[in-house]
Amino acid sequence: MMSQNYWSPLVKTLVPYTPGEQPKVANLIKLNTNENPYPPSPLALQAMQQAVGEGLRLYPDPDASGLKQAIADYYGVERQQVFVGNGSDEVLAHAFMAFFKQNEPILFPDISYSFYKVYAGLYEVGYKTVPLNEQFQIAVEDYQQPNGGIIFPNPNAPTGCLLPLAAIEQILQANPNRVVIVDEAYIDFGGQTAIRLVHQYPQLLVVQTLSKSRSLAGLRIGLAVGQAHLIDALERVKNSFNSYPMDKVAIAGGVAAFEDTVYFQQTCQAIINNRTWLTTQLEQLGFDVLPSAANFVFARHPQQDAAQLALKLREQAIIVRHFKLPRIEQFLRITVGKAEDNQSLVTALQAIC
């Protein structure tokens, strides 16, 4: 403990985020970190290859204006309404600093993305968790209380449950004076983006990532869309932290990924189809599966211990995510893979259950 004498006092209090396991094992069926089973757009790969060259000796565009314009064009907003960062985690971190250091605690679900508590600790932001209801859904009425801001994933993670836009509007209408962040990492797998509400609600910030639906988790591109005054605040924080978070290769790949709408739609639909099949198979095996609009399912078996199930699957070289947390300790979060991976999972579970 002697070495901790050199630490800032705040560092001693931090409880860091624990990312999903990235094992280095051959022939593994990896269904634990919600990565897309399909490769990135061929056009994105080509654009990134073309970006690798002598020009890398120069700094990238600090504003990433080409990427912002591609996002703006895709969603039908102005470039000044778009912010980009090194993964949506960085975008969220900047948003916590920009909007959530208030006198009252922020609100987010008790079962949600665990990085929210980490950011709150890092930036010394007070928070209050709001329990999901018995169906593991966000109850809109619970967000009509004093707060310093609101954040929630939609679809929620790790449950996969979707909140319709009408319900999001209820939250926005009840909280006109605080920033409401809708974290849409999985929205492309079955939901409607809240970006279409941005022009109506000056307090709304929508955050997305290219890690999931555009198969670019290894590239690290996140974005936010909101009215210009919110984006200005994010730019202030970003340029007080790192003026060049987006490299030239990432910018090129991101632009092409947004332009290749045909490939994007095909791969999203394939995952949706595979999710439907997997859900049906799991239910036939006796699992309770929450309704998912994400690229994963959240399931429990009334006669099987989740931790033991995860261990037995690992013995079959199949990895899923198990959270040792209150209320969800008997659930497994299972990423939707390719058809053959899903079949291997079901075959293994048939032998176990």
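The values are calculated or read from the model by the stated rules, or taken from the named source; none is laboratory data. Everything quoted here is computed from the prediction, not taken from an experiment. In this analysis, Cβ positions are derived from the backbone assuming ideal geometry, glycine residues included, and neighbour counts consider all displayed protein chains. Protein only, heavy atoms only, side chains kept; ligands, DNA and RNA dropped before computing areas. Shrake-Rupley method; radii C 1.70, N 1.55, O 1.52, S 1.80 Å.
For the chain, what % of the accessible area comes from carbon and sulfur atoms, probe 1.4 Å?
After summing per-atom areas, the C and S share lands at 51 percent.
Between Thr261 and Lys338, what's the calculated FRET efficiency when r is the beta-carbon distance and R0 is 25 Å? Round to 0.05.
So the FRET efficiency works out to roughly 0.70.
Put +1 on the Cβ of each Lys and Arg and -1 on the Cβ of each Asp and Glu in the chain; which of Gln192, Phe100, Ser3 then has its Cα farthest toward the positive end of the dipole?
My answer, from the dipole projection, is Ser3.
Label-point separation (nm) for Val52 and Asp288, each offset 7 Å from Cα along Cα-to-Cβ?
4.9 nm
Express in Å², to the nearest 10, the accessible area of Trp7 obtained by rolling a 1.4 Å probe over the protein heavy atoms while all chains stay in place.
Around 110 Å² of this residue is reachable by solvent.
Calculate the dipole size of the stretch 265-353 relative to its Cα centre from +1 charges on Lys and Arg beta carbons and -1 charges on Asp and Glu beta carbons; express the result in debye to the nearest 20.
Rounded to the nearest 20 debye, it is 240 debye.
Determine the sum of side-chain charges near Lys238: Lys and Arg each +1, Asp and Glu each -1, restricted to other residues whose C-beta is under 15 angstrom from that of Lys238.
-4
Apply the a/c threshold of 1.5 to the C-alpha gyration tensor of the stretch 69-200 and tell me whether it is rounded, prolate or oblate.
rounded
Might you tell me the accessible area per residue for the chain, computed with a 1.4 Å probe and given in Å²?
Per-residue value: 46 Å².
222 nm [θ] for the chain, helices only, -39500 (n - 2.57) per DSSP H run of 4+, per residue, to 500?
Calculated at 222 nm, the ellipticity per residue is -11500 deg cm²/dmol.
Rounding to the nearest 20 debye, state how big the charge dipole of the chain is about its Cα centre with +1 on each Lys and Arg Cβ and -1 on each Asp and Glu Cβ.
Once rounded to the nearest 20, the dipole reads 600 debye.
With +1 on the Cβ of every Lys and Arg and -1 on the Cβ of every Asp and Glu, and nothing else charged, how large is the dipole of the stretch 186-264 about its Cα centre, in debye rounded to the nearest 20?
In debye, rounded to 20, the stretch 186-264 gives about 140.
Normalized C-alpha radius of gyration of the stretch 186-328, against 2.2 N^0.38 Å?
Taking the Cα Rg and dividing by 2.2 N^0.38 Å, one obtains 1.33.
If we count trypsin sites (Lys or Arg not before Pro) as exposed when they sit in a DSSP loop and have at most 15 other beta carbons within 10 Å, what is the longest stretch of the chain that avoids them all?
102-323
List, in the order given, every pair from Lys117/Lys212; Lys248/Lys312; Lys238/Lys338; Lys212/Lys312; Lys12/Lys312; Lys12/Lys338 whose Cα-Cα distance in the structure shown is over 32 Å.
Violating the 32 Å Cα-Cα cut-off are Lys248/Lys312; Lys238/Lys338; Lys12/Lys312; Lys12/Lys338.
Which residue, chosen from Asn156, Val320, Gly337, occupies the Cα position most advanced towards the positive end of the dipole of the chain, where the dipole is computed from +1 (Lys, Arg) and -1 (Asp, Glu) charges on Cβ about the Cα centre?
Going by the charge dipole, the pick is Val320.
If you average 1/r over every pair of different alpha-carbon atoms in the stretch 151-237 and take one over that average, what Kirkwood value in Å do you get?
13.4 Å
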